[in-house]
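Only one structure is covered here, and it is reproduced in the block below.
Readers should treat all values here as calculations from the given coordinates under stated rules, not as data from a laboratory. Everything numeric here is computed off the predicted structure, so don't read it as measured data. Neighbour counts are summed over all protein chains in view; Cβ atoms, including those assigned to glycine, are modelled from backbone coordinates with ideal geometry.
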Amino acid sequence: QRFVKPLTVALCLTAAAVTSSLAQAATFRVAVGDGAGSAQHALGLKFAEEFKAKTGGKHDTKLFLNGQLGDEQATVNDASMGLLDFSILAINNVTPFSPTVGVLTLPYMMQSLDDAVKLTQGEVGKELTENTIRDAGVRIVGWTYTGFRVLTNSKHPVNSLQDLQDLKIRVPQNEIMIDTYRAWGINPTPMAWSETFTGLQLGVVDGQDNPYLTIYSMKFDEVQKYITDIRYLFSIEPLVVSEAVYQSQPADVQQAILEAGKAATEHSAKWLVEQEDKIKAELTSKGMEITTPADGEKEWMDKAVEQVWPKYYEQLGGKEKLNEILTSLGRDTI
Ligand code: MLT
């Protein structure tokens, strides 16, 4: 278990957080898992701009891109202990620390940008934020909407589950995603995000899944050729603040963090719509080939929903809870 209990948190505040609590001008550090031009970067830039403006220029933020401050899962640990102020990371890398967040990585739960916005901005989002503070010592203050995770590989086009069977696929350390690939008939390779580019380059793994925007900003076109446009997971990526750091701030700075996070979230949804088609075309012009599953993804969906969902009912708050969420999205219950 990588997570350090919140009780330890208060005891581990860093000099940075203590300085902030004195309400002097401070520069807050923001870990960003992805590179320049990513959805995470766009969210971070907008947050930085708004936060500075809302504190009347007193406080600043500095973004550290490409996992410079550590792998995404490690940044949750660091923030929980108050060793790091903010992190922007994929939701799948928060789930190991706060299991109920897994509802956002349940295959085929979110089927559109609209679903993602509804879930994150409504009651579900509010509840998950509270759970994440309790379980992981971090507070979600903003979201990126990064688009569906699509499958890439270096070997051959994948049009069916049959085509997937000879591929070694990297997945995050996320049980639900591991089980999804198992339902599809293969044993995927869990690997930290910070090691994924090299893993693909060296052929340790043949493929992985992530949104178009992430594939482009991480230059995966240099080590991957084929894209299968699956829609099993709509990627959303929270901006989290260390709860210890947040609680050490005066009320006006806390307010500025929340407001800047909200403004950055609104910006992110617009940014995705503007960027995704452009990025898709760019990836094609760089030589990547895009296909869609021949059966309209029916077999993928049936297998994932039948085999993965029941295994997680309990962890996600029970079947009734999932039915409430499905109803709020206007979908059939299970
Ligand atoms: C992952 O696959 O671990 C994440 O989606 C990477 C990211 O943060 O973009």
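Only a single item in (1) under 23 Å from the mean Cα position of the chain (by Cα); (2) free of Cβ contacts under 8 Å to residues at least 60 places away in the same chain is not met by Trp271, and it is number (2).
Comparison of Gln315, Gln275, Gln307 shows that the only residue that is part of a helix (DSSP H, G or I), polar (S, T, N, Q) and more than 14 Å from Tyr108 (Cβ to Cβ) is Gln275. Conditions: (1) under 23 Å from the mean Cα position of the chain (by Cα); (2) surrounded by 14 or more Cβ atoms within 10 Å (Cβ to Cβ); (3) touching a residue at least 60 places away in the same chain (Cβ under 8 Å). Thr291 meets all but one. Number of the miss? It fails just one condition, (1).
Could you pull out the residue among Ala136, Ala192 that is of a type in the set (A, V, I, L, M), within 12 Å of the ligand (Cβ to nearest atom) and within 16 Å of the chain's Cα centre (by Cα)?
On the way: Ala136 fails: within 12 Å of the ligand (Cβ to nearest atom).
Unique residue meeting the criteria: Ala192.
The single residue among Arg231, Arg170 that is assigned to a loop (DSSP other than H, G, I, E, B) and closer than 18 Å to Asn92 by Cα turns out to be Arg231.
Among residues of segment 68-106 being away from the ligand (no atom under 13 Å from the Cβ) and acidic (Asp, Glu), the one that is nearest to Phe51 (Cα to Cα) is Asp85.
Restrict the check to segment 174-189 and report whether at least one residue is in contact (Cβ under 8 Å) with a residue 24 or more places away in the chain, among the polar types (S, T, N, Q) and near the ligand (Cβ under 9 Å from one of its atoms). Checked segment 174-189: at least one residue is in contact (Cβ under 8 Å) with a residue 24 or more places away in the chain, among the polar types (S, T, N, Q) and near the ligand (Cβ under 9 Å from one of its atoms). Taken over segment 139-167, the criterion of being surrounded by 22 or more Cβ atoms within 10 Å (Cβ to Cβ) and either in a loop (DSSP other than H, G, I, E, B) or more than 25 Å from the chain's Cα centre (by Cα) (or both) is satisfied by Val158 alone.
Among what's in segment 125-138 and is over 28 Å from Glu276 (Cα atoms) and in contact with a helix residue (DSSP H, G or I) (Cβ under 7 Å, 6 or more places away or on another chain), pick the residue that is surrounded by the fewest Cβ atoms within 10 Å (Cβ to Cβ).
In this case the residue turns out to be Asn131.
So which residues in segment 35-54 are buried (at least 19 other Cβ atoms within 10 Å of the Cβ) and part of a helix (DSSP H, G or I)? Residues satisfying the conditions are Ala39, Gln40, His41, Ala42, Leu43, Gly44, Lys46, Phe47, Ala48, Glu50, Phe51, Lys54.
The set of residues in segment 79-124 that are free of Cβ contacts under 8 Å to residues at least 40 places away in the same chain and either surrounded by 20 or more Cβ atoms within 10 Å (Cβ to Cβ) or among the basic types (Lys, Arg) (or both) comprises Ser98, Val101.
Here is a check on your reading of the model: is Ala264 assigned to a helix (DSSP H, G or I), touching a strand residue (DSSP E or B) at 6+ places or on another chain (Cβ under 6 Å) and touching a residue at least 12 places away in the same chain (Cβ under 8 Å)? So Ala264 fits the description; yes.
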